[in-house]
Amino acid sequence: MPKHQYNVKHMNIDRIKFSSKKEASHYLNLGKRKLDKEVKYFLRQVPFDLGKNGTYFCDFLVVWADDTVSFEDAKSPASSYMAGKKALAEVKYNVKINQI
């Protein structure tokens, strides 16, 4: 398998392929927090349609026990291309995507 440009290691957990250890670790953390009733539920790879600019995929949408919603990304800030797409998604959908 070729080495990834940003040196990330792909992981498989619960038959789900994750792009990095960081994303997989956050998935496990959210699962634990769900069991502890801090999180109602969470979704993975949430798409934001950016029209002619393509689609931005946020790693997690989290619905907390108090019904607040957060968008969380385990992506590295290394790519200015992805940072641009993230910024477009935040403006178009009036959301804040937190880098974890």
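Tabulated results
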{"item": "Spin-label model distance (nm) - ASP67 vs LYS21, 7 Å beyond Cα toward Cβ", "result": "4.0"}
{"item": "Alpha carbon Rg of segment 25-100, scaled by the compact-globule rule 2.2 N^0.38 Å", "result": "1.14"}
{"item": "Amide H contacts under 5 Å for LYS75, placed H, 5+ residues apart", "result": "ILE100"}
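Where a number appears in this text, it was derived from the coordinates with a stated rule and is not lab data. What you are looking at is a predicted structure, and each value in this text was computed from that prediction instead of being measured. We place every Cβ from the backbone using ideal geometry, glycine too, and count neighbours over all the protein chains shown.
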